[in-house]
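Chemist: Let me begin by handing over the structure; questions about it come next.
The values are calculated or read from the model by the stated rules, or taken from the named source; none is laboratory data. As the structure is a computational prediction, the values presented were derived from the model and not from experiment. Glycine gets a Cβ as well: all are built from the backbone with ideal geometry, and neighbour counts include every protein chain shown. The accessibility values were calculated without ligands, DNA or RNA, using every heavy atom of the protein model including side chains. Shrake-Rupley method; radii C 1.70, N 1.55, O 1.52, S 1.80 Å.
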Amino acid sequence: GQGSASKWPLAMMNLPNIQHGLWIVFLLVAATSISIFLFLSRRAGIGILLLIPALSVIDGIRFDSRFIKLYDYKQQVTPNPLTNYLTSLPGKFRVFNITNLPQDYLPFYGIEVVAGYHGNQLRWYDDLIGGPGLVNQGNPQFLNLVGARYILASSGTKIPPDYFGPDTLVLAQDFGSLAVFENKNALPRAFLVNKYEVVPIRRDIYPRLLSSRTNLKEMVFLEEEPNLNITSNDSLSRPVDMISYSGDSVVIGVHNASNCLLILTDNYYRSWEAWVDGVKAPILRADGAFRAVPLKAGASRVIFRYNRSLNNLALVITLLTVFLVMIILAIYFFLYLKEKNG
């Protein structure tokens, strides 16, 4: 696919680091194997086995020192008229930053941007935005779908007024060297649709999604049937209410007189769960990257919660590995003492 193929040049650029990491793994495995061999061959005492947990601790410290560092961003980042203005705007929206400001600048102030914070987004969003090259980032369909309500551009940047759709792009605020434009064509963070099309292969969705012929305000692409009879005859004129929004919980009020789909343009991930009026509901992947929840007529509230326990597999594997190593060391120690005292 486009996203995975485009990562190959990045992998080649980091080849020296990858080779360095493989050499470290080789040395650690070799040292562990030699320690066990020396003990089993009676060439070293039980103390040699203490080298194994010591190597694990040393490698952990080495790894953490590269990635876990405290950084007081307030020393370099202070509020200014631009960030104060953007944080004062109502609603949930994203900003399309086409200035020389780094993409991670606005997120320091809690302002969401289109491109993510570090380029390591989920695979499906990476495919949607066009891989590391972000080749789809400027597509108006994409920007409207992700809710790019405001465009941050350098003063003098020429953007066609109708580039995003029928609602003309307007200058919202001028900061001298920078300007903020408002894009009223951008979709809200959450909305209702009663038209959908099933496209089983995720990557086949993106070309159709980015086509100007698709009206994303009225329909959504799914990878499976919603298991609910949804017809497009009824009007869905009433907007949804974003009651609360946080990093691990979203509460949305809905008003639907007929069966429909609630679309939330936050990333789909298996650890998110949904409840509709207290009853657990399935979350489908919408438009190849986001979330869709089927709603029966008369629904009033949808709650999304992030279930952290679903991400505990790696922790469980690590703990089991440590436990297994400790058992093996204890057995060898017991056999050593038994032989020595026997």
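Chemist: Can you tell me which residue is most open to solvent (accessible area, probe 1.4 Å) among those in the stretch 85-108 that are without any contact (Cβ under 8 Å) to a residue 40 or more places away in the chain and more than 22 Å from THR157 (Cβ to Cβ)?
Modeler: Within the stretch 85-108, the match that is most open to solvent (accessible area, probe 1.4 Å) is PRO90.
Chemist: Are there strands (runs of 3 or more DSSP E) fully within the stretch 239-342 with at least 3 residues that are in contact with a Gly (Cβ under 9 Å, 6 or more places away or on another chain) and open to solvent by 20 Å² or more (accessible area, probe 1.4 Å)? List them.
Modeler: Working: elements: 241-245, 249-253, 260-264, 272-276, 279-281, 284-286, 290-295, 301-306.
Where strands (runs of 3 or more DSSP E) fall fully within the stretch 239-342 and carry at least 3 residues being in contact with a Gly (Cβ under 9 Å, 6 or more places away or on another chain) and open to solvent by 20 Å² or more (accessible area, probe 1.4 Å), they are 241-245, 301-306.
Chemist: Here's something else I'd like to know. When only residues in the stretch 18-55 that are modelled with pLDDT under 80 and out of contact with any helix residue (DSSP H, G or I) (no Cβ under 8 Å at 6 or more places or on another chain) count, which is most open to solvent (accessible area, probe 1.4 Å)?
Modeler: Going through the qualifying residues, I end up with ARG42.
Chemist: Of ARG208, ARG203, ARG238, which residue is more than 23 Å from GLY165 (Cα to Cα), charged (D, E, K, R) and either modelled with pLDDT under 95 or touching a helix residue (DSSP H, G or I) at 6+ places or on another chain (Cβ under 7 Å) (or both)? Steps first, answer last, please.
Modeler: Details: ARG208 fails: more than 23 Å from GLY165 (Cα to Cα); ARG238 fails: more than 23 Å from GLY165 (Cα to Cα).
None of the other options fit; the residue is ARG203.
Chemist: For residues in the stretch 139-163 being modelled with pLDDT of 95 or more and part of a loop (DSSP other than H, G, I, E, B), which is most open to solvent (accessible area, probe 1.4 Å)?
Modeler: Restricting to residues being modelled with pLDDT of 95 or more and part of a loop (DSSP other than H, G, I, E, B), the top hit is ASN139.
Chemist: Continuing with the same structure: Those residues that are of a type outside the set (Asp, Glu), touching a strand residue (DSSP E or B) at 6+ places or on another chain (Cβ under 7 Å) and open to solvent by less than 80 Å² (accessible area, probe 1.4 Å), I need them from the stretch 171-182; list them, please.
Modeler: Filtering the stretch 171-182 down to residues of a type outside the set (Asp, Glu) leaves 171-173, 175-181.
Right, trim to touching a strand residue (DSSP E or B) at 6+ places or on another chain (Cβ under 7 Å) and you get 171-173, 177-181.
Passing the criteria: ALA172, GLN173, LEU178, ALA179, VAL180, PHE181.
Chemist: Does the stretch 218-238 hold any residues that are within 24 Å of the chain's Cα centre (by Cα), surrounded by 14 or more Cβ atoms within 10 Å (Cβ to Cβ) and among the charged types (D, E, K, R), and which are they?
Modeler: GLU223
Chemist: Can you name the residue in the stretch 124-138 that is part of a loop (DSSP other than H, G, I, E, B) and either on the phi > 0 side of the Ramachandran plot or touching a helix residue (DSSP H, G or I) at 6+ places or on another chain (Cβ under 9 Å) (or both) and, of all such residues, is most open to solvent (accessible area, probe 1.4 Å)? Before you say what the answer is, go through the steps one by one.
Modeler: As a first pass, look at the stretch 124-138 and keep what is part of a loop (DSSP other than H, G, I, E, B): 130, 134-138.
Now narrow it down to the ones that are either on the phi > 0 side of the Ramachandran plot or touching a helix residue (DSSP H, G or I) at 6+ places or on another chain (Cβ under 9 Å) (or both): 130, 134-137.
Details: GLY130: 5, LEU134: 49, VAL135: 94, ASN136: 25, GLN137: 27 Å².
Across the stretch 124-138, the extreme among qualifying residues is VAL135.
Chemist: Scanning the stretch 183-211 for residues that are in a strand (DSSP E or B) and out of contact with any Phe, Trp or Tyr (no Cβ under 9 Å at 6 or more places or on another chain), which turns out surrounded by the fewest Cβ atoms within 10 Å (Cβ to Cβ)? So that I can check it myself, show each step before the final result.
Modeler: So in the stretch 183-211, the residues in a strand (DSSP E or B) come out as 190-193, 195-198.
Next, only the ones that are out of contact with any Phe, Trp or Tyr (no Cβ under 9 Å at 6 or more places or on another chain) stay: 190-193, 195.
On the way: ALA190: 26, PHE191: 21, LEU192: 20, VAL193: 20, LYS195: 15.
So the residue we want is LYS195.
Chemist: Tally time: how many residues in the stretch 296-337 are hydroxyl-bearing (Ser, Thr, Tyr), within 21 Å of the chain's Cα centre (by Cα) and farther than 30 Å from ILE230 by Cβ? I'd like the intermediate steps shown before the answer.
Modeler: Taking the stretch 296-337 and keeping what is hydroxyl-bearing (Ser, Thr, Tyr), we get 300, 306, 309, 318, 321, 332, 336.
Then keep just the ones that are within 21 Å of the chain's Cα centre (by Cα); that gives 306, 309.
When the remaining residues are screened for being farther than 30 Å from ILE230 by Cβ, the result is 309.
Final tally of qualifying residues: 1.
Chemist: Any residue that is within 25 Å of GLY130 (Cβ to Cβ) and at pLDDT below 95 - is there at least one of those in the stretch 218-230?
Modeler: yes
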